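Here is the structure we will look at.
The values are calculated or read from the model by the stated rules, or taken from the named source; none is laboratory data. The model shown is predicted, which means the values in this text are computed figures rather than measured ones. Cβ atoms come from the backbone with ideal geometry, glycine included; neighbour counts cover every protein chain shown.
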Amino acid sequence: MRHLLIPILLIAGVARAGEDAIELKEAPGRALVEANCVACHSLDYIQMNSPFLDRKGWEASVNKMIKVMGAPVKEEDAKAIVDYLHAAYGK
């Protein structure tokens, strides 16, 4: 049984290979991003895409997450999330 535990932990994402936790920039809307976005992907997605996305890019990305990927984000939260992403990580 013990030999099954390690693969299960790896699949579940419990084991990490020296990864540091992503710390988002402090700004209004940060808590909404942390609460909504990490349900589907890590926060490094934000930092990876920040050099490329302006406000329209962040709007398109958030809308894609909601409409195509099925992210359960409230409409009023989506606007605040875009505002945060543009202010803190927009180009």
Matching residues, the stretch 25-69, being touching a Lys or Arg at 6+ places or on another chain (Cβ under 8 Å) and farther than 13 Å from residue 83 by Cα: 50, 51, 52
Residue 3 meets each of (1) at pLDDT 85 or above; (2) more than 15 Å from the chain's Cα centre (by Cα) with one exception, condition (1)
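Conditions (1) at pLDDT below 90; (2) under 18 Å from residue 91 (Cβ atoms); (3) among the small types (Gly, Ala, Ser); (4) assigned to a helix (DSSP H, G or I), marked per residue:
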residue: 14; (1), (2), (3), (4): yes, no, no, no
residue: 17; (1), (2), (3), (4): yes, no, yes, no
residue: 27; (1), (2), (3), (4): no, yes, yes, no
residue: 33; (1), (2), (3), (4): no, yes, no, yes
residue: 36; (1), (2), (3), (4): no, no, no, yes
residue: 62; (1), (2), (3), (4): no, yes, no, yes
residue: 72; (1), (2), (3), (4): no, no, no, no
residue: 78; (1), (2), (3), (4): no, no, yes, yes
What are the residues in the stretch 38-56 that are closer than 25 Å to residue 21 by Cβ and either assigned to a helix (DSSP H, G or I) or in contact with a strand residue (DSSP E or B) (Cβ under 7 Å, 6 or more places away or on another chain) (or both), if any? 44, 45, 46, 47, 48, 49
Filter the stretch 34-56 down to residues that are in contact with a Gly (Cβ under 9 Å, 6 or more places away or on another chain) and polar (S, T, N, Q) and give me whichever is surrounded by the most Cβ atoms within 10 Å (Cβ to Cβ). 50
Residues being crowded, with 17+ Cβ neighbours inside 10 Å, farther than 19 Å from residue 26 by Cα and not hydroxyl-bearing (Ser, Thr, Tyr): count how many of those fall in the stretch 58-91. 6
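Answer yes or no: is there a residue in the stretch 21-33 that is of a type in the set (Asp, Glu) and over 14 Å from the mean Cα position of the chain (by Cα).
Yes.
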